[in-house]
Each structure stands twice: as structure tokens, then as C-alpha cells.
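Colleague: My questions will all concern the structure given below.
The values are calculated or read from the model by the stated rules, or taken from the named source; none is laboratory data. Everything numeric here is computed off the predicted structure, so don't read it as measured data. Don't worry about glycine lacking a Cβ; one is built from the backbone with ideal geometry, like all the others, and counts go over all protein chains shown.
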Amino acid sequence: NVSRPPDVVEARMLLPIVTEEQPIMEAILLNPVVIICGETGSGKTTQVPQFLFEAGFGSSTSDNPGIIGITQPRRIAAMSMAARVAHELSLPSFRVSYQIRYDATVSPNTSIKFMTDGVLLRELATDFLLSKYSVIVIDEAHERSMNTDILIGVLSRVLKLRDDMWKAGKADVKPLRLVIMSATLRVSDFAENKTLFSTPPPVINVAARQHPVTIHFNRRTRSDYVTEAIKKTAKIHTRLPPGGILIFLTGQNEITGVCRKLNAKFGVKALERKRQKRQFADSTVEEHDTVNMNVDIQPAHADIEAEDLDLGHQQADDLAFDVDAGMTDEDPDALDSDEDTEEHQLDKELGLDSDDVDVPMHIVPLYSLLPSEKQMLVFMAPPPGSRLVVVSTNVAETSLTIPGIRYVVDCGRAKERRYDVANGIQAFQVSWISKASAAQRAGRAGRTGPGHCYRLYSSALFEHHFDQFAQPEILRMPIEGVVLQMKSMHINAVVNFPFPTPPDRATLFRAEKVLSYLGALGVSSSVKKGLMAAGDSSVDGQITELGRLMSLFPLSPRFSRMLASGQHHGCLPYIISIVSALSVGDPFLHEEGLVSDGTDNEDGDVDGLVKTGRKEFFRTQHMHSALGNFTSDVFRMLSVVGAYEFAGGGLQFCSQHFVRPKAMEEIHKLRAQISNIVQANFPSAGTGFVPKLVPPNELQLKVLRQLLTAGFVDQVAVRKDRLDNSSAGLKYTTCKGVSYRAMGVPEDVFIHPSSVLANREPPEYVVFSELIRTTRVWIKGVTVVNPA
Ligand code: ADP
Ligand code: MG
């Protein structure tokens with residue numbers, strides 16, 4: 001007895017999964033674990049929770065009173081799906097709720113809860129039986145995010161425990177059910193993995209009602225895929241029938257750039273301007289020019305089929321077109337690019353006649369860092385008479401289904417954080433997606449009718465260089481955080497953990513080593529007794545009391561360690577601010593952000609920086625760098641966080657101090673969250689949350705520097721000439737080009753130009769928080785160990 005709005009009732013009838021409600025519910029009621037596969041858009045995320053709800057799950061009067069929990073790899077999906085299901089069931093947000101890292105709508109009356117997988121993983125640490133829940137739905141399992149993989153492994157154990165307790169007749173204990181949902185059929189790592197589920201779970205395939213999608217490859221693969229994407233979109237818009245266009249790019253900078261260009265050419269305002277110009281021109285030439293009276297049918301209205309045109313063809317003489325031309329210019333005024341000029345340039349580039357089209361584009365960006373109200377815009381119908389154009393990261397690949405898409409433009413790449421297990425160097429790399437991802441992207445064009453996918457790469461490249469499937473995240477990321485979490489759940493022998501795909505032993509070994517360094521793990525009894533082989537010696541270290549405290553924080557173990565030992569001399573509020581800032585990431589807009597190096601996909605507001613002027617920029621930089629006397633990037637962050645809190649936050653502060661508002665807000669929220677955890681778990685530590693933070697005194701700065709050095713004790717860099725005496729005596733005036741050596745890194749590293757140290761005399765010893773490879777290996781978040 002639920003009531004749905006009439007339009008929802010109608011829309012549901014069209015979803016393939018709705019006809020499968022009965023077999024799905026039967027399978028769930030008869031089996032502890034069920035796997036559901038279905039194309040993106042078939043209704044898995046929005047409908048399965050409703051099936052469960054209608055079957056009584058999540059209501060106090062039923063056999064399964066526990067909450068229905070659904071996990072998502074992304075915050076954006078957790079929030080928007082909760083809102084959608086609440087709408088479909090006509091229930092308030094305190095009944096159909098979400099919980100993400102900093103934000104929640106959950107209440108004691110919540111029946112359906114969407115959350116990020118990280119949130120559920122944390123809950124397991126305090127309530128291993130997940131006693132609040134009657135069923136857990138793990139969504140987007142095909143993405144193989146680290147958290148998803150770990151959750152599936154842990155839940156396979158929780159199911160068994162709950163079942164044993166229920167069979168033993170424990171009061172108030174009911175079995176837990178697990179539903180794993182995937183957008184691809186590749187589920188053998190879960191379904192046929194005997195260490196995970198001894199009885200193979202049933203797999204239900206939801207027949208996709210997918211319309212055919214015609215794939216068009218480019219004849220060649222060009223490196224400037226951003227320009228290619230703009231050109232292709234312009235051609236589709238001017239020559240092909242109505243239907244939304246979805247463009248896949250790799251990051252925020254690209255997306256905002258493309259939105260700007262498309263708006264300048266095809267936005268409502270641009271077309272309005274053009275119309276006015278044309279009217280003016282018509283009225284002046286009318287008398288002379290009556291010959292050319294062809295009545296043009298606007299291509300976007302005309303009912304031709306896309307097959308009529310070969311958009312895959314590329315002219316051989318295509319000029320490389322620098323989309324970021326305005327961004328690399330040093331002259332601040334150049335960024336105020338005249339839209340007319342830009343439009344003209346594009347016309348020339350595309351070989352278009354400006355008068356080709358009078359249907360405006362309704363252009364919507366979509367990426368995780370976009371504020372959620374803005375993200376929701378993709379679900380709104382575009383204004384009548386316009387064409388929807390969504391420019392997205394791979395969040396639109398499977399998590400969100402955007403209605404009305406008929407054309408997909410796929411750059412074939414995605415930005416991924418890669419981590420080199422051997423040396424700990426991280427890099428944001430734009431790399432080729434897998435064939436499976438390419439198929440997902442193409443599929444987005446076939447939801448409402450036959451569609452077309454334009455791949456901005458050649459079929460040869462696709463055949464020979466694209467992997468069949470993406471690698472699970474657990475094989476390419478540091479895992480000390482999850483290892484600590486497992487240990488805190490008493491999973492000691494991590495090697496025996498039922499990973500869907502186990503990481504190799506060297507990775508596990510390294511993670512345990514870092515945790516031992518930090519004092520989170522102790523030597524296990526079996527090692528003491530000499531029962532284990534030398535190579536395995538640290539593969540079952542036990543969690544220490546300190547480790548247990550550290551596992552309470554939603555932070556990298558290194559940062560938790562700093563917190564755990566930062567309780568002297570009133571330093572706690574500062575260390576909380578520092579680890580919050582380090583966790584969220586550098587909030588500063590940097591000067592070199594003007595020339596994007598592709599690593600920093602978050603510096604969205606460079607335009608604002610240039611407009612307000614360099615002088616102001618350097619003044620505020622200087623002001624914040626002065627904390628600790630120009631010796632620490634971390635202190636610079638602390639300074640701006642302190643000032644932000646003191647000022648009570650706000651956008652104005654951010655633009656005056658050249659920091660990213662979204663980062664500052666996240667730091668603020670994380671700071672509050674950590675302070676709460678501190679207060680709840682270490683009442684004796686005194687309050688960690690000080691609403692208005694005053695700058696630390698000299699003694700406190702000294703203690704903070706010691707804590708940073710201790711926390712990064714394995715991330716030290718030494719000036720190279722100090723080590724090999726090769727250029728001893730050479731006097732440097734800045735850090736530019738000065739080589740450093742870091743422990744465990746086989747090549748020279750350099751202090752990043754954004755550092756407070758960059759233009760100062762290079763110190764001999766520093767610790768750093770990050771190693772990033774771009775053109776060379778940079779160290780970021782640098783602090784001088786022993787300042788003069
Ligand atoms: P799946 O999880 O199988 O990919 P979903 O349950 O996410 O499918 O989507 C089912 C349908 O619901 C899609 O057609 C999608 O367009 C629609 N839908 C999802 N969220 C919204 C929303 N916020 N507004 C309008 N329609 C939505
Ligand atoms: Mg889904």
C-alpha cells in the first residue's frame with residue numbers, strides 16, 4: 001500500500017525490471033545472496049529498493065523490520081537516487097534517506113537508506129552485525145571500486161554470523177540478505193568465487209529493452225580529443241534530428257571549457273545575438289538580393305536519419321585547435337575572451353556557416369565536484385525548442401541515467417588515480433577506458449530509441465589497445481586504510497580475506513609495514529613463536545590499542561596517527577584542521593593553475609583568479625605563507641583554514657583569499673566531524689572543536705612541526721647535493737630545478753612550484769605529503785624539518 005504520483009506509475013510501467021518483480025523477490029526471499037544484472041536504465045537502483053519496501057522490508061510491523069540499505073560508489077548517486085525514490089514513493093526524506101560522508105537525512109523512521117559504500121564500511125567497524133539492517137543492496141558492483149569489493153567480502157562473513165545467531169535462537173536477530181547489482185554480465189568474480197560464497201548465488205538477468213545503437217569510429221585518433229568533441233557535437237547539432245547529446249570527457253576543466261565554447265556558439269544568448277545580426281543584415285540587403293530565396297529546413301527539425309550523414313569522416317587537413325588558447329595567455333585580459341571572436345574561430349574551424357542552426361543548445365555539465373543542485377539539472381527536461389547537451393565525466397556511464405539521450409560522443413578516455421605500489425608515487429592519468437566501459441557509454445544513446453555513438457578514436461585502436469575490462473581498484477590503490485579497517489573488525493589474517501580479486505602479497509605486505517611504522521599494528525603471537533616464514537612475518541599483525549583509536553577516524557591511517565598523538569599543548573584543534581585540509585586536498589588556487597597541467601582537476605575558478613588580479617593573489621599567498629615563516633605548505637593551509645573559520649566562512653572570503661569554496665566547505669565539515677569523534681572517544685582530550693581558531697603560538701608551531709615530521713617519517717626528501725657532494729658549495733637561491741632524493745624513490749624528485757618554498761633557498765631536509773608525477777616527480781605538501 002504505497003502511493004505513487006501518476007506520472008511515476010506510468011514511467012515505471014516502461015521499466016524492464018518492473019515485470020521481473022516477482023522472480024526477483026522470490027529469489028531474495030529464498031536465498032541469502034542474489035545477483036541482479038541489468039543494463040543501465042533498466043530500473044535497478046530506483047526499483048529494487050521499492051520492491052523490497054513493498055514486500056515489507058524496512059517496516060516495523062513486518063518480519064524484516066530492519067532498514068533497506070543501498071550502497072553507491074559515488075555521493076552524487078546516493079543523494080540523487082534517495083531523492084528520486086522518495087519522490088516515486090511519495091515519502092519524505094526522513095523515510096527514504098541518504099547518508100554520505102558529511103551529510104545525512106537519516107532519522108529513526110528511515111526505511112530506505114542510500115549511502116556511499118565508505119559509510120557502510122565505517123558502520124561495520126562499530127556494528128559488525130549490521131543489526132539495523134534487514135537487507136543490503138550493493139549497487140554498481142561491476143565498477144569494482146575498492147570499497148565495494150571489501151564490502152562484499154566482509155558481508156559474506158556477516159551473513160553467516162547473522163544466520164548462525166538466528167539459528168541459535170538469539171533474540172531479535174534475523175538473517176541479513178544481500179543483493180549485488182551490476183550493469184554488466186561479468187559477475188563471475190562474485191558468483192563463482194567459492195571462498196566468497198560457498199553456495200553460488202542465483203544470478204537474475206533483467207532483459208534489457210535497449211534500442212540499437214550505431215557505432216561510428218573516427219578514421220584516426222587525435223590527441224586533442226577535447227576539440228574533436230566540440231566539433232563532433234557541433235556537427236551533430238547542426239545536421240542531425242532532435243535528441244539529447246551526451247559527451248564523455250575526463251575532468252572538470254575540460255568539461256567547463258567545452259560548456260563555455262558550446263554556449264558561446266550555440267547557447268540561447270548566442271543564437272539570439274545572431275538572429276539580431278541577421279535581421280539587421282537582411283534589412284540592409286533586401287532590395288538587392290532577392291535571388292537566393294531557398295527555404296531552409298532546419299536540420300535539427302528535419303526528419304532525416306543519421307545514417308544519411310557520415311559524421312565519422314574527418315577532413316585530412318583539420319587544424320589542431322587549441323581549446324585552451326585563452327587559458328594559457330599570460331595577459332589577464334585575454335581570459336575575458338570576446339565571445340564573438342571565439343565563435344568566429346569555431347566557425348572557421350568547423351567549416352560551419354553561422355546561420356546553419358536556430359535551435360539553441362541547453363548545455364549542462366556533470367561531474368562529482370559540482371554542487372548537488374546543479375547536478376540535478378540533468379534530470380530536468382530542457383526548455384522547449386532546445387537540444388539537451390550533457391557534458392559529463394564517467395559518472396554518466398552507469399550511475400545516472402539521463403533521459404532523452406540519442407547521441408553519445410565518447411572521447412574514449414577517463415581520468416584515473418594511479419598508484420605505483422613499488423614506490424608510492426601517485427599520478428592522475430588520463431588513460432584509455434576498457435571495451436566494457438565503451439559499451440556502457442554507447443548504450444546511453446539507446447534508452448529512448450535508436451541512437452548513435454561517435455567514438456573519437458579509431459576502430460584499430462579500440463581493437464588492439466583497449467582492455468576487455470577495467471582492473472579492479474584494489475589492484476591499483478594503496479590499501480593501508482582498508483587493511484586497518486579490516487583489522488579493527490578482527491579480520492587479522494588479511495591474506496585469507498575473501499577478496500573478490502585478491503591484491504598481491506607485496507601490496508598487503510607494504511600496507512602492513514606502513515601500519516606497523518605508525519604503531520597501529522603489533523607483532524603477532526605466531527611471529528613471536530617463530531611459526532611463520534620470514535616473508536610472511538608481518539602478514540597477520542594484530543591491531544594495537546593505538547590502531548583501534550586510529551580506525552575510528554575516516555582518514556588515512558597516517559593522519560589518524562597525527563591526531564592520536566596531537567593532544568599536547570592545546571594543539572588538538574590545529575592538528576584536526578591540518579589533517580582535515582590534508583585529507584580534502586590543497587584548497588589554494590595556484591598561479592600555475594592558469595596553465596593546467598592536467599593533474600589538478602579541481603581548480604575550477606581560474607577565471608576569477610585572473611580577474612581579481614595577481615597582486616592581490618600574491619599578497620594573500622604571502623600572508624598565509626608567513627605562518628611558520630615560509631617553511632611549510634601545511635602551515636599555509638592551516639593559516640587559511642584558521643582565517644576561514646575565524647571569518648565564519650563564506651564565498652566572499654574564498655574569492656578574497658583565492659581558495660576553492662567547495663574544498664573549504666569540505667574541510668570545515670570534516671573538521672567538525674573529526675572533532676565530534678574526538679569528543680566522543682577521548683573525553684579527556686578536551687574539546688577539539690574551536691569555532692574561532694586563533695593562530696598557534698611559537699611553541700605550538702614547534703610541536704605541530706614535530707608531529708608532521710613524525711607522521712611523514714617515511715616521506716622524507718634530502719637535497720641531492722647533500723647526499724652525493726656533487727655540487728657541494730653551490731649556492732641556490734630558489735628550489736627551481738633543485739634535485740632531491742626521497743626514500744624508496746629511484747629517481748630525483750622536485751619541490752612543486754606551488755610550494756611556499758619554491759622561491760626560497762632550498763632547505764636540506766623536508767617531509768612531504770604527496771608524490772605526484774607529471775613531467776617529473778614532484779613533492780607537494782612540503783614542510784622543512786629543521787628550519788634555521
Ligand atoms: P539502473 O539503476 O538500472 O541504471 P535506474 O533505476 O537508475 O536504472 O533508472 C531507471 C529510470 O529512472 C531511468 O529511465 C531514469 O531515467 C529514471 N530516473 C532515475 N532518476 C531520475 C530522476 N531523478 N528524475 C527523473 N528520472 C529519473
Ligand atoms: Mg543504477
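Colleague: Would you confirm whether any residue within the range 217-227 is in contact with a Ser or Thr (Cβ under 9 Å, 6 or more places away or on another chain), under 25 Å from residue 21 (Cα atoms) and not in a loop (DSSP other than H, G, I, E, B)?
Modeller: No, there is no match, as no residue in the range 217-227 is in contact with a Ser or Thr (Cβ under 9 Å, 6 or more places away or on another chain), under 25 Å from residue 21 (Cα atoms) and not in a loop (DSSP other than H, G, I, E, B).
Colleague: Let me ask you something else. Residues 94, 128: which one is surrounded by fewer than 21 Cβ atoms within 10 Å (Cβ to Cβ) and out of contact with any Ser or Thr (no Cβ under 9 Å at 6 or more places or on another chain)?
Modeller: Being surrounded by fewer than 21 Cβ atoms within 10 Å (Cβ to Cβ) and out of contact with any Ser or Thr (no Cβ under 9 Å at 6 or more places or on another chain) holds for just one of 94, 128, which is 128.
Colleague: List every residue pair whose Cβ atoms lie under 7 Å apart, where the two residues are 6 or more positions apart in sequence or sit on different chains, the first residue falls within the range 113-142 and is assigned to a helix (DSSP H, G or I), and the second residue, located anywhere, is within 16 Å of ligand 2 (Cβ to nearest atom) and among the hydroxyl-bearing types (Ser, Thr, Tyr).
Modeller: 117/71; 117/145; 117/148; 120/71; 141/148; 141/182; 142/182; 142/184
Colleague: With respect to the numbered conditions (1) at pLDDT 95 or above; (2) among the β-branched types (Val, Ile, Thr); (3) within 16 Å of ligand 2 (Cβ to nearest atom), which one is the sole condition not fulfilled by residue 28?
Modeller: Tallying (1) at pLDDT 95 or above; (2) among the β-branched types (Val, Ile, Thr); (3) within 16 Å of ligand 2 (Cβ to nearest atom), residue 28 fails exactly one: (3).
Colleague: Here is a further query. Which condition number in (1) in contact with a strand residue (DSSP E or B) (Cβ under 7 Å, 6 or more places away or on another chain); (2) more than 23 Å from residue 11 (Cβ to Cβ); (3) in contact (Cβ under 8 Å) with a residue 40 or more places away in the chain; (4) not polar (S, T, N, Q) is the one that residue 461 fails?
Modeller: (1)
Colleague: Which pairs turn up if I take residues in the range 387-416 that are within 14 Å of residue 370 (Cβ to Cβ) and at pLDDT 95 or above and look for partners that are in a helix (DSSP H, G or I) and within 15 Å of ligand 2 (Cβ to nearest atom) with beta carbon separation below 6 Å, at least 6 apart in sequence or on another chain?
Modeller: As it stands, the answer is 390/378, since those pairs meet every condition given.
Colleague: Being buried (at least 20 other Cβ atoms within 10 Å of the Cβ), in a strand (DSSP E or B), aliphatic (A, V, I, L, M) and in contact with an Asp or Glu (Cβ under 8 Å, 6 or more places away or on another chain), is that true of even one residue in the range 735-743?
Modeller: The answer is no; no qualifying residue exists.
Colleague: Now, a different point. Residues being within 16 Å of ligand 1 (Cβ to nearest atom) and within 15 Å of residue 59 (Cβ to Cβ): count how many of those fall in the range 98-120.
Modeller: 1
Colleague: Restrict the check to the range 99-114 and report whether at least one residue is on the phi > 0 side of the Ramachandran plot and surrounded by 23 or more Cβ atoms within 10 Å (Cβ to Cβ).
Modeller: No, every residue in the range 99-114 fails to be on the phi > 0 side of the Ramachandran plot and surrounded by 23 or more Cβ atoms within 10 Å (Cβ to Cβ).
Colleague: Here is a further query. Specify which of the listed residues (59, 97, 80, 90) is among the hydroxyl-bearing types (Ser, Thr, Tyr), touching a helix residue (DSSP H, G or I) at 6+ places or on another chain (Cβ under 9 Å) and within 15 Å of ligand 2 (Cβ to nearest atom).
Modeller: From the options 59, 97, 80, 90, the qualifying one is 80.
Colleague: Select from the range 650-664 the residues that are more than 19 Å from residue 579 (Cβ to Cβ) and either in contact (Cβ under 8 Å) with a residue 12 or more places away in the chain or within 25 Å of the chain's Cα centre (by Cα) (or both) and list them in ascending order.
Modeller: Selection gives 650, 651, 654, 655, 656, 657, 658, 661.
Colleague: Also: Here is a check on your reading of the model: is residue 221 in contact with a Leu (Cβ under 7 Å, 6 or more places away or on another chain) and modelled with pLDDT of 90 or more?
Modeller: yes
Colleague: Pick from 368, 372, 392: which is of a type in the set (S, T, N, Q), closer than 22 Å to residue 237 by Cβ and within 22 Å of the chain's Cα centre (by Cα)?
Modeller: Going through 368, 372, 392 in turn, just one is of a type in the set (S, T, N, Q), closer than 22 Å to residue 237 by Cβ and within 22 Å of the chain's Cα centre (by Cα): 392.
Colleague: Of the numbered conditions (1) within 16 Å of ligand 1 (Cβ to nearest atom); (2) hydrophobic (A, V, I, L, M, F, W, C); (3) surrounded by 20 or more Cβ atoms within 10 Å (Cβ to Cβ), residue 154 satisfies every one except a single condition; which is it?
Modeller: For residue 154, the failing item is (1).
Colleague: Let me ask you something else. I'm checking my understanding of the structure. Among residues of the range 181-195 that are at pLDDT 90 or above and within 13 Å of ligand 1 (Cβ to nearest atom), which one is nearest to residue 30 (Cα to Cα)?
Modeller: Only one residue tops the list, namely 181.
Colleague: Taking the range 25-39, which residues are closer than 25 Å to residue 403 by Cα and either more than 6 Å from ligand 1 (Cβ to nearest atom) or surrounded by fewer than 24 Cβ atoms within 10 Å (Cβ to Cβ) (or both)?
Modeller: Within the range 25-39, 36, 37, 39 qualify.
Colleague: For residues in the range 157-207 being surrounded by fewer than 19 Cβ atoms within 10 Å (Cβ to Cβ) and in a strand (DSSP E or B), which is farthest from ligand 2 (Cβ to nearest atom)?
Modeller: Once the filter is applied, the top-ranked residue is 203.
Colleague: Across the range 669-701, what is the number of residues that are modelled with pLDDT of 90 or more and either part of a helix (DSSP H, G or I) or touching a Phe, Trp or Tyr at 6+ places or on another chain (Cβ under 8 Å) (or both)?
Modeller: 5
Colleague: Which residues, counting only those in the range 629-660, are charged (D, E, K, R) and farther than 30 Å from residue 786 by Cβ?
Modeller: Listed by number, the list holds a single entry, 660.
Colleague: Among (1) modelled with pLDDT of 95 or more; (2) over 22 Å from residue 373 (Cβ atoms), which single condition is residue 142 missing?
Modeller: (1)
Colleague: Which of the residues that make up the range 744-760 are surrounded by 14 or more Cβ atoms within 10 Å (Cβ to Cβ) and in a loop (DSSP other than H, G, I, E, B)?
Modeller: Result: 745, 748, 752, 753, 754, 755, 756, 757, 758, 760.
Colleague: When you check residue 378 against the structure, is it of a type in the set (Val, Ile, Thr), within 16 Å of ligand 2 (Cβ to nearest atom) and either under 17 Å from residue 251 (Cα atoms) or assigned to a helix (DSSP H, G or I) (or both), yes or no?
Modeller: So residue 378 fits the description; yes.
Colleague: Looking at 35, 68, can you tell me which residue is among the aliphatic types (A, V, I, L, M), within 30 Å of residue 369 (Cβ to Cβ), at pLDDT 95 or above and away from ligand 2 (no atom under 11 Å from the Cβ)?
Modeller: The match here is 68.
Colleague: Right, another one. Within the range 395-418, track down each residue that is within 29 Å of residue 773 (Cβ to Cβ) and more than 14 Å from ligand 1 (Cβ to nearest atom).
Modeller: 410, 411, 412, 413, 414, 415, 416, 417, 418
Colleague: Ok, one more. Could you tell me whether any residue of the range 56-74 is crowded, with 22+ Cβ neighbours inside 10 Å and charged (D, E, K, R)?
Modeller: No, the range 56-74 contains no residue that is crowded, with 22+ Cβ neighbours inside 10 Å and charged (D, E, K, R).
Colleague: When you go through 49, 5 one by one, which is the residue that is surrounded by fewer than 22 Cβ atoms within 10 Å (Cβ to Cβ) and not polar (S, T, N, Q)?
Modeller: Exactly one of 49, 5 is surrounded by fewer than 22 Cβ atoms within 10 Å (Cβ to Cβ) and not polar (S, T, N, Q), namely 5.
Colleague: Shifting gears a bit: Which residues, counting only those in the range 75-87, are of a type outside the set (Ser, Thr, Tyr) and surrounded by 20 or more Cβ atoms within 10 Å (Cβ to Cβ)?
Modeller: 75, 76, 77, 78, 79, 81, 82, 85, 86
Colleague: Being crowded, with 21+ Cβ neighbours inside 10 Å and either under 23 Å from the mean Cα position of the chain (by Cα) or at pLDDT below 95 (or both) is the requirement here; does residue 10 meet it?
Modeller: When the stated conditions are applied, residue 10 does not pass them.
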